[in-house]
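This report refers to the structure that appears directly beneath it.
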Amino acid sequence: METMAHADKICRILKTIYPDVKTGLHYRNTFELLVATILSAQCTDAQVNSATKNLFKKLPTPYDLAGAPIEIIEKLIRSTGFFRNKARNIKNSSKSLVEKYKGIVPDKLDELIKLPGVGRKTANVVLGVAFGVPGIVVDTHVSRLSKRLGLTENKDPVKIETDLMKVIPKKEWNDFSLRLIYFGRAVCKARKPNCASCPLYDMCCYERG
């Protein structure tokens, strides 16, 4: 019960700071959201948006991406980092969509995570943003902050997701994840958290040097 009250207070404070949250990725349809989310690994939203602008202009559909030479895809997404692996993933994911789903992005977690390059984090982003399915997105920010704030003691993303689902109201799952991401980027950074101006300072378990 104490953990629930602790989590509720964190939720309320973050909601006050970030009342309206949405993904920073630019997309026009669910397929573009899927590709952009795959590309966002270890990359800023701005860099992804810059790359996908040209990518989707030249290769707008799963059929186009599935049939494109890998070298062309690599060139178009090079600025997002780890471009060879990402190019292979978005090409193979597109192939799977074409072969198994007639080019349509599925709306089930167990189907999404079978696509190349799609883990639970990417799947939960797509499900939450495109289909309104409640889910906890555990990226590096959510993982770091949930531990610092005493909401989990786990390091494994799936276990962190489960821990957060127990203490965060289901209707808040999607927005809570985004609020933690926003907060992690702006205030509670990995190497140098801004503890002096942190509104969650009193609830934090972070060991300060």
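What follows is calculated from the coordinates using simple rules that are stated; it is not laboratory data. Being a predicted model, the structure only gives us computed values, none of them experimental. Neighbour counts run over all protein chains shown; Cβ positions are idealised from the backbone, glycine included.
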Theoretical gain in end-to-end length, Y201 to T61 [0.36 nm per residue, Cα-Cα removed]: 45.8 nm
Orientation-averaged projected area, Cα convex hull of the range 133-195 (nm²): 4.0
Local electrostatic count at K166 - Lys and Arg +1, Asp and Glu -1, tallied over other residues with Cβ under 14 Å: -4
Straight-distance crosslink candidates among lysines, where the alpha carbon sits under 29 Å from K9 and sequence neighbours closer than 8 are dropped: K22, K121, K147, K155, K159, K166, K170, K171, K189, K192
The range 1-107, dipole about Cα centre (Lys/Arg Cβ +1, Asp/Glu Cβ -1), debye to the nearest 20: 320
P(r) tail fraction, the chain - alpha-carbon pairs more than 24 Å apart, %: 44
Global size of the range 30-131 as Cα Rg and Dmax, reported in angstrom: 12.1, 32
Phi to ³J(HN,Hα) by Karplus 6.51 cos²θ - 1.76 cosθ + 1.60 over the range 102-109, Hz, x for Gly, Pro: 6, x, 9, 6, x, 10, 10, 4
Ascending count of other beta-carbon atoms within 10 Å, so fewest first, for R84, R12: R12, R84
Relative contact order computed over the range 30-131 (Cα-Cα under 8 Å; 6+ residues apart), in percent: 31
Angstrom value of the Kirkwood radius, inverse mean 1/r, which spans all Cα pairs in the range 1-55: 13.4
Cross-link partners of K75 among lysines (Cα-Cα below 23 Å; sequence separation of 8 or more within a chain): K53, K57, K58, K86, K91, K95
